[in-house]
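J.: This is the structure I have questions about; it appears just below.
The values are calculated or read from the model by the stated rules, or taken from the named source; none is laboratory data. All values reported here derive from a predicted model rather than from experimental measurement. Positions of Cβ are backbone-derived with ideal geometry, glycine not excepted, and every protein chain shown enters the neighbour counts.
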């Protein structure tokens with residue numbers, strides 16, 4: 001006996017919907033598992049599907065694990081950055097104007113959010129100023145650890161709204177018996193200078209700050225009045241209060257340091 005296939009039964013409601021609705025657009029056919037893929041025509045452009053970018057939230061300087069926090073006071077937030085070769089920081093944000101001091105030469109990729117990466121070669125003791133509001137990743141391209149002192153200036157907002165404190169000297173270079181002081185810049189009320197002191201020499205005279213920060217570029221033993229500092233390269237000393245003495249080199253080797261002074 002020959003069996004006939006039964007036609008599918010549609011309800012009246014379904015039949016009415018089928019009659020009234022416009023035909024659905026045809027889906028593109030999909031290749032069956034194991035089926036051969038037809039290559040694109042010669043010369044046709046291949047456009048890979050772009051993955052949706054995953055937004056990354058920038059952390060604060062204190063939350064960035066490669067920066068070791070050293071000082072947090074009314075004047076500055078300061079951290080010591082050490083990056084092993086081929087490693088990078090997390091994306092982090094600088095909410096204040098900042099001064100950076102490189103300890104030892106290095107080469108980095110400075111990857112500011114929303115901008116192409118920039119390769120930067122830095123010399124030992126190089127000092128840079130960057131305005132607030134930047135979020136970036138720092139990547140060490142060199143074969144040795146990259147070291148940098150990062151100093152955020154907490155008085156930047158007030159300094160932007162008011163006339164900056166006047167220093168008797170805001171630029172120039174002075175020498176005294178082999179000692180040399182070069183004023184690099186004055187920003188946000190801070191005067192930033194580089195100092196070179198031969199053994200036994202004192203720095204050239206300067207007007208006195210309210211507070212100051214010493215950043216050692218070499219091992220050093222310096223004194224100022226009753227205060228002294230014995231530091232290794234890359235170490236820092238914060239000196240509050242008004243100092244009337246000039247820095248002098250108590251050691252037997254020439255020393256180099258960066259000095260930040262605050263009114």
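J.: Can you name the residue in region 124-154 that is touching a strand residue (DSSP E or B) at 6+ places or on another chain (Cβ under 7 Å) and farther than 24 Å from residue 63 by Cα and is also surrounded by the most Cβ atoms within 10 Å (Cβ to Cβ) among such residues?
T.: Only one residue tops the list, namely 125.
J.: Just to be sure, is residue 237 in a strand (DSSP E or B) and in contact (Cβ under 8 Å) with a residue 12 or more places away in the chain?
T.: When the stated conditions are applied, residue 237 passes them.
Listed here are the residues, each with its yes/no results for (1) in the same structural domain as residue 183 (by TED's automatic domain parsing); (2) under 15 Å from residue 149 (Cβ atoms); (3) buried (at least 17 other Cβ atoms within 10 Å of the Cβ).
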residue	(1), (2), (3)
80	no, yes, yes
85	no, no, no
101	no, yes, yes
111	no, no, yes
115	no, no, no
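J.: Of all residues in region 52-68, which are within 13 Å of residue 150 (Cα to Cα) and surrounded by 13 or more Cβ atoms within 10 Å (Cβ to Cβ)?
T.: Listed by number, the residues that qualify are 61, 64, 66, 67.
J.: Sticking with this structure for a sec: Consider residue 90 against the criteria (1) over 26 Å from residue 254 (Cβ atoms); (2) assigned to a loop (DSSP other than H, G, I, E, B); (3) modelled with pLDDT under 95: it satisfies all of them except one. Which criterion is unmet?
T.: With respect to (1) over 26 Å from residue 254 (Cβ atoms); (2) assigned to a loop (DSSP other than H, G, I, E, B); (3) modelled with pLDDT under 95, residue 90 is out only on (3).
J.: Looking at this structure, is residue 209 touching a strand residue (DSSP E or B) at 6+ places or on another chain (Cβ under 7 Å), part of a loop (DSSP other than H, G, I, E, B) and at pLDDT 95 or above?
T.: No; evaluated as a whole, the condition is false for this residue.
J.: Would you say residue 148 is assigned to a strand (DSSP E or B), closer than 19 Å to residue 77 by Cα and out of contact with any helix residue (DSSP H, G or I) (no Cβ under 9 Å at 6 or more places or on another chain)?
T.: On the way: assigned to a strand (DSSP E or B): yes; closer than 19 Å to residue 77 by Cα: yes; out of contact with any helix residue (DSSP H, G or I) (no Cβ under 9 Å at 6 or more places or on another chain): yes.
Spelling it out, residue 148 is indeed assigned to a strand (DSSP E or B), closer than 19 Å to residue 77 by Cα and out of contact with any helix residue (DSSP H, G or I) (no Cβ under 9 Å at 6 or more places or on another chain).
J.: From 188, 221, 226, 207, which residue is surrounded by fewer than 20 Cβ atoms within 10 Å (Cβ to Cβ) and within 18 Å of residue 166 (Cβ to Cβ)?
T.: After applying the criteria, what remains is 207.
J.: Can you go through 81, 91, 98 and tell me which one is within 10 Å of the chain's Cα centre (by Cα) and farther than 23 Å from residue 260 by Cβ?
T.: Residue meeting the stated conditions: 91.
J.: Are any of the residues in region 241-249 under 25 Å from the mean Cα position of the chain (by Cα) and either outside any strand (DSSP E or B) or at pLDDT 95 or above (or both)?
T.: no
J.: If I filter region 155-172 for residues that are assigned to a strand (DSSP E or B) and surrounded by fewer than 15 Cβ atoms within 10 Å (Cβ to Cβ), do I get at least one hit?
T.: Yes, because at least one residue in region 155-172 is assigned to a strand (DSSP E or B) and surrounded by fewer than 15 Cβ atoms within 10 Å (Cβ to Cβ).
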